[in-house]
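Structure first, then comments.
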Amino acid sequence: MKHSPVVLDLDNAVGPLTGECRIALQDWQETLRFGCGLSHMRALTRQLEMLMPPATQHGPVLMGSGDFHHLSWPLVVRCLHGQGDPRAKLRVVVLDNHPDNMRFPFGVHCGSWIRRIAMLPEVEHVHVAGITSGDIGLWHSWENQLAPLRIGKLSYWSIGVNTDWARWLGIGSAFRNFDSSQSLADELATLLHRQRVPTYLSIDKDVFSPDVVRTNWDQGSLQEAQANQIIDALKGQLDGSDITGEVSSYRYRTAWKRWLSAQDGQDTIIAPAQLTLWQAEQDALNQRLVARLQEAQGWLE
């Protein structure tokens, strides 16, 4: 059985996919993009419940730019509710160049949502893998939300980042650093294959090397074959998944969002010709990733 993909069409960045269920949400772009208040997230969650197929009856969810990665939070919750057993636990694996576990005082944003799911009692553990960003280095250490790291609910898997500061705080066991993306992929695939539990997988394509695909954000070093290796290790365990990291341009109407996004280098407008080329590469990668995820989820049938 093929699990049809769902497109949360917020920014018109996701190309057509075979058998897709496309939900028009462009009116939400200004409100949700980069970050939003919790009341807006609750309102969106209610709308998704009305518009999306049941969590057990669809495949990967695509949501456009990585500026919307915080929408993985309600998608993980939907997956938990779809399990049917209130005692069931869910493992979450996030492939991302950033920890997405940073402090944000104004609700939730694309770089702060991980704590929200890691602290859920039904979530067994969250692995954020593929980080090459300095967000987990010494100079940004104070920005990381430490609670899920301290209680053993969150692990960072990084490549070439000095995280010695974590040992000074007694949380070194939550950090796993590797010399290469291949060694990380090998170790993570082995762990996922050995510890077989229901799993939700979220892929932010900024985890990939720029020679694989281009995104709005600074990028990591993962290769497509290494992502496939991790996905294949989840055959028979994959309960749900999402993909983000499309490249799209947007000019915020509100000054505070323009300021916030500029702090992360998101104020550059991409030339139309360049945008068209990058989006074509994104569309081709989406087709391949969706097919791989559908196969992994199909093993549950």
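Here are the numbers for the structure shown:
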quantity: Residue match in segment 67-81 (condition: modelled with pLDDT under 95 and of a type in the set (F, W, Y)); calculated: no
quantity: Check on T18, over 22 Å from L277 (Cα atoms) and among the β-branched types (V, I, T); calculated: no
quantity: Qualifying residue in segment 277-290 (condition: within 28 Å of K89 (Cα to Cα) and in contact (Cβ under 8 Å) with a residue 40 or more places away in the chain); calculated: yes
quantity: Matching residues, segment 145-162, being open to solvent by 20 Å² or more (accessible area, probe 1.4 Å) and not aliphatic (A, V, I, L, M); calculated: Q145, R150, G152, K153, G160, N162
quantity: Within segment 244-277, tally of residues that are touching a Ser or Thr at 6+ places or on another chain (Cβ under 8 Å) and not small (G, A, S); calculated: 9
quantity: Matching option when the condition is under 16 Å from the mean Cα position of the chain (by Cα) and either modelled with pLDDT under 95 or open to solvent by less than 30 Å² (accessible area, probe 1.4 Å) (or both), among L275, L222; calculated: L222
quantity: Some residue of segment 251-266 being without any contact (Cβ under 8 Å) to a residue 60 or more places away in the chain, out of contact with any strand residue (DSSP E or B) (no Cβ under 8 Å at 6 or more places or on another chain), open to solvent by 70 Å² or more (accessible area, probe 1.4 Å) and part of a loop (DSSP other than H, G, I, E, B); calculated: yes
quantity: Considering residues of segment 110-121 that are open to solvent by 70 Å² or more (accessible area, probe 1.4 Å) and part of a loop (DSSP other than H, G, I, E, B) only, the residue nearest to E30 (Cα to Cα); calculated: M119
quantity: Filtered residue count, segment 163-190, keeping only those that are surrounded by 15 or more Cβ atoms within 10 Å (Cβ to Cβ) and either modelled with pLDDT under 95 or among the hydrophobic types (A, V, I, L, M, F, W, C) (or both); calculated: 10
quantity: Condition met for K235 (basic (K, R), assigned to a helix (DSSP H, G or I), touching a residue at least 24 places away in the same chain (Cβ under 8 Å) and more than 16 Å from T215 (Cβ to Cβ)); calculated: no
quantity: Looking only at segment 46-68, and only at residues there that are over 30 Å from G220 (Cα atoms) and not aliphatic (A, V, I, L, M), the one that is least open to solvent (accessible area, probe 1.4 Å); calculated: P53
quantity: Filter result (among the small types (G, A, S), closer than 22 Å to T56 by Cβ and in a loop (DSSP other than H, G, I, E, B)) within segment 79-109; calculated: G84, A88
quantity: Flag if L71 is open to solvent by less than 10 Å² (accessible area, probe 1.4 Å) and part of a helix (DSSP H, G or I); calculated: yes
quantity: Boolean, R46 is assigned to a helix (DSSP H, G or I) and either without any contact (Cβ under 8 Å) to a residue 12 or more places away in the chain or among the small types (G, A, S) (or both); calculated: yes
quantity: Pairs with Cβ under 9 Å, 6+ apart, first in segment 164-176 and in a helix (DSSP H, G or I), second among the acidic types (D, E) and open to solvent by 30 Å² or more (accessible area, probe 1.4 Å); calculated: G172/D164
quantity: Enumeration of residues in segment 24-43 that are among the aliphatic types (A, V, I, L, M), buried (at least 18 other Cβ atoms within 10 Å of the Cβ) and in a helix (DSSP H, G or I); calculated: L32, M41
quantity: Tally of residues being part of a helix (DSSP H, G or I) and in contact with a Gly (Cβ under 7 Å, 6 or more places away or on another chain) across segment 206-228; calculated: 2
quantity: The lone exception for G19 - which of (1) loosely packed, with under 15 Cβ neighbours inside 10 Å; (2) touching a strand residue (DSSP E or B) at 6+ places or on another chain (Cβ under 9 Å); (3) part of a loop (DSSP other than H, G, I, E, B) it fails; calculated: (2)
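The values are calculated or read from the model by the stated rules, or taken from the named source; none is laboratory data. Note that the structure is predicted; figures quoted are calculated from it, not measured. Cβ sites come from the backbone with ideal geometry, for glycine too, and all protein chains shown count toward neighbours. Keep in mind that these areas ignore ligands, DNA and RNA; they rest on the heavy atoms of the full protein, side chains included. Shrake-Rupley method; radii C 1.70, N 1.55, O 1.52, S 1.80 Å.
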